[in-house]
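Here is the structure we will look at.
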Amino acid sequence: MNYWIFEGDCKARQVEEEDVKDINSCNKCNATAARVKIIRASIDNGDLYAYSRNSAQPTVPSSSAAALISLCRSGEFKSGQRVFLSCSSKVKSDTDGMGYLRDYACVPTDYIYELPDVIADNDVVFIDTIAKACNLIDKLDIKPAQTVIINGVSVINLIIAQLLRYHQALPIMIDSDDDKLGLAQDLGVDFIINSAQENVPYMVKSFTSGKMANALVVDLDILSDMDELPYCLTMGGKIALVNANSAVKCFKIDFVNILSRELSIFGIKDGDGKVSMAINLLAMNKIKVSPLIGEIVGFSEVPELMRKMVAGHPSTMNIVKCNS
């Protein structure tokens, strides 16, 4: 079995383990685990920070993957069945999921989910991100026709925007890059604001007929500051925070305005409990992820991919074909 380890300081190391020649003698694959052949693995900003952070703890990257079952002694999954490997367990657990940037692995069945045939291999790796977005939407409790500001174009923010439209709410996407805002428009976001060229509070006031927005979604991985964003919210509005992989821990934020408007702030950690919902949304084509796919590379090309990613924070998901 082969897998990649990210050691920080922009170092990636491939590890080779002696494989089990007879699959039926694999002691790791007990009644609560399955041996799988991983066919696609995600590479996102969380993996980028594990790769680039100074003196980071060595870790196997990739929190979600598509795989084929090789062996499942419990009979819960059949040999050759295509499945999704999640970072979220089907049962409440304090244990994080394993890293999936491997060619083969033994994975607890609680982290394995059945997949319908209609979901393409490359789209599978977005399921955990969709599940996280579903948790955020539930906690926002946004009603139809209410408006939500989404600060910055990123993979999860573009999925959140689509979910808001699915729930008949109105997303307003803010970014300083016209190309990224164009991608948001292609995915159905009608209201966009270029923060480098336009006055954000004024534009939000214009879009909402003076009422201002009901909520604000912030992807902390791509945030520079939050100084003016609370001015865009109505009294009693909500601020939802997601992701926090960046080494930058301090942000500029106007707490006086947050208190004066009685805004509430909460964070979303993962997609716990929403993975099956995410699979259904993807299968029914309610969420489009194909435009969010970045580079697709072979297993041996991981170091080259990571060197490219260090240059910036991609607004797409990169994918590794683990058995190529």
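Each value in this text was obtained by applying a stated rule to the coordinates, not by laboratory testing. Fair warning: this is a prediction, and the values are worked out from it, not measured in the lab. Please note: Cβ atoms are built from the backbone with ideal geometry, for glycine as well, and neighbour counts cover all protein chains shown.
For each of 258, 127, 265, count neighbouring Cβ atoms within 10 Å of the residue's Cβ, then give the residues from fewest to most. Walk me through the numbers on the way to the answer.
Values: 258 18, 127 31, 265 14.
Neighbour counts put them in this order, fewest first: 265, 258, 127.
By the count of neighbouring beta-carbon atoms within 10 Å, fewest first, 102, 73 end up ordered 73, 102. Can you work out the FRET efficiency for the pair residue 57 and residue 176, with r the C-beta to C-beta distance and R0 = 25 Å, to the nearest 0.05? Efficiency, from the Cβ-Cβ distance: 0.15. A Förster radius of 56 Å, combined with the Cβ-Cβ distance separating residue 202 from residue 16, puts the computed FRET efficiency at roughly 0.45. Working from label points 7 Å from Cα in the Cα-to-Cβ sense, the residue 73 to residue 120 distance is 3.8 nm. Estimated from the Cβ-Cβ distance and a Förster radius of 45 angstrom, the FRET efficiency linking residue 185 and residue 264 is about 0.90. One entry in (i) 20.5, 68; (ii) 24.6, 97; (iii) 22.3, 68 is Rg and Dmax of the Cα atoms in Å calculated from the shown coordinates; its label is (i). Backbone N atoms of region 146-176 closer than 12 Å to the 7 Å Cα→Cβ label point of residue 228 belong to residues 175-176.
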